[in-house]
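See below for the structure under consideration.
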Amino acid sequence: MVFLQRRLRAAIGLVTALAVTLSITLLPAFEAPALALGVVSPLAGLGAAEKTVYGQEQGGSLLQRVDRLEKDLFGRTQPGALIARIDNVQLFLSGNTGPGPSLAMKLNVLEWFVTQAITRDPLATRVKNIELLLYGAPQDGQNASLLDRVDRLVKLTWPGGNLDSAPVEVPQSTLVKIRLLTELNSKTSKQGDSVQYRVIQDVVLDGRTVIPSGTTGRGTVVEVGTSGQFGKDGRVQVDFGDVPALDGKPVPLKVDEKSTEMNRSLELAAGASMAGVLLLGPVGLLGAYFVKGKEIIIPVGTEFFVEVAKPATVTGLKVGGK
């Protein structure tokens, strides 16, 4: 009897262990496809597309909103189920629609050509602003789609109306020179503050511009330490987020070893005022550059290097003899 009880307990233990093992092994396999695909609700996808085009979500029924978005983008509504139509709009706006420059790239090139800057304003606003500068008035009263208006602007400004574009690999640690548009101050900056900056030198690889001068980026203050007694130094650390490449794809940036070396040379050229910039990099690399017992103030207009955080494949543009 005792023997049978022991065998029963052993069998129960084996079944329990097997069940736990199966739950650990199999559950991620069912969850992974949804996570990998980044599945979101159709309503959330539509709202994101509207923010890209108009700057905010629009009112009305779901069908009205989809119809309006398609008419503004393409000049007509598209066939198919609503969920497929929303997916097609998102793919179009992301540039994943096949060979050739995307709408985002065409608009970025136009804005760069006309204003020497690339903004993150809504798509419709950017098209109007470019038309104002080139024609003196927006062309939205002619029942033309945003796509047609952008193509017309490209033909007006670019030789032959064709953009010589091709895929380019952007290696990790590629240097990007930026100018701060937001002051960083260890006394007044707070965790979570937005940090604006602008690229001030074209990033050119394989003879093609991939990140043009004038592109704006947005980072976030992730840690702040004020100065204190016993020589405690002020400190500001920033996550530089990403900048859009010329085709609109995000390129993540950071301060690391290569950019730190370049910033050291800037410090020697600019004097002690550059010391605070080095606080933006990894603490282990930069301890010798802390200013003991002082607050760190990095003013608007300060220029320094960051670098590409991980490799990216983007579309580059052949510009003149570059």
Counting only residues that are of a type in the set (A, V, I, L, M, F, W, C) and either within 23 Å of ASN143 (Cβ to Cβ) or in the same structural domain as LEU246 (by TED's automatic domain parsing) (or both), how many does region 106-130 have?
6
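Residue by residue, here is whether (1) closer than 22 Å to GLN201 by Cα; (2) in a helix (DSSP H, G or I); (3) at pLDDT below 90 holds:
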site: LEU246; (1), (2), (3): yes, no, no
site: THR260; (1), (2), (3): yes, yes, yes
site: LEU268; (1), (2), (3): yes, yes, yes
site: LEU279; (1), (2), (3): no, yes, yes
site: LEU285; (1), (2), (3): no, yes, yes
site: VAL300; (1), (2), (3): yes, no, no
site: GLU307; (1), (2), (3): yes, no, no
Out of the residues in region 52-95 that are β-branched (Val, Ile, Thr) and within 21 Å of ARG149 (Cα to Cα), which is surrounded by the fewest Cβ atoms within 10 Å (Cβ to Cβ)?
THR77
Residue pairs meeting the criteria (Cβ under 7 Å; at least 6 apart or on separate chains; first in a helix (DSSP H, G or I), in region 74-96; second β-branched (Val, Ile, Thr))
LEU82/VAL66; ARG85/VAL66; ILE86/VAL66; LEU91/THR97; LEU93/THR52
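Let's see how each residue does on (1) assigned by TED's automatic domain parsing to the domain that holds ASP256; (2) in contact with a Lys or Arg (Cβ under 6 Å, 6 or more places away or on another chain); (3) among the β-branched types (Val, Ile, Thr):
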position: VAL150; (1), (2), (3): no, yes, yes
position: SER189; (1), (2), (3): yes, no, no
position: ILE200; (1), (2), (3): yes, yes, yes
position: SER213; (1), (2), (3): yes, no, no
position: VAL221; (1), (2), (3): yes, no, yes
For region 112-160, enumerate the residues that are in contact (Cβ under 8 Å) with a residue 60 or more places away in the chain, of a type in the set (Asp, Glu) and not in a loop (DSSP other than H, G, I, E, B).
ASP148
Can we say VAL204 is in a strand (DSSP E or B), in contact (Cβ under 8 Å) with a residue 60 or more places away in the chain and surrounded by 13 or more Cβ atoms within 10 Å (Cβ to Cβ)?
yes
Looking at region 56-73, which of its residues are without any contact (Cβ under 8 Å) to a residue 24 or more places away in the chain and among the hydrophobic types (A, V, I, L, M, F, W, C)?
LEU62, LEU63, VAL66, LEU69
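Okay, residues lined up against (1) among the small types (Gly, Ala, Ser); (2) buried (at least 17 other Cβ atoms within 10 Å of the Cβ):
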{"position": "VAL127", "(1), (2)": "no, yes"}
{"position": "LEU132", "(1), (2)": "no, no"}
{"position": "PRO138", "(1), (2)": "no, no"}
{"position": "ASP151", "(1), (2)": "no, no"}
{"position": "LYS155", "(1), (2)": "no, no"}
{"position": "ALA166", "(1), (2)": "yes, no"}
{"position": "LEU181", "(1), (2)": "no, no"}
{"position": "ASN185", "(1), (2)": "no, yes"}
{"position": "GLN191", "(1), (2)": "no, no"}
Test VAL109 against the stated conditions and say whether it is under 29 Å from ASP242 (Cβ atoms), within 21 Å of the chain's Cα centre (by Cα), part of a helix (DSSP H, G or I) and of a type outside the set (D, E, K, R).
yes
Taking THR115 as the residue in question, decide whether it is exposed (fewer than 15 other Cβ atoms within 10 Å of the Cβ) and either closer than 24 Å to GLN201 by Cα or among the hydrophobic types (A, V, I, L, M, F, W, C) (or both).
yes
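The values are calculated or read from the model by the stated rules, or taken from the named source; none is laboratory data. From a predicted model like this one, the values you see are computed outputs, not experimental measurements. Every residue, glycine as well, gets a Cβ built from its backbone with ideal geometry; the counts of neighbours run over all protein chains shown.
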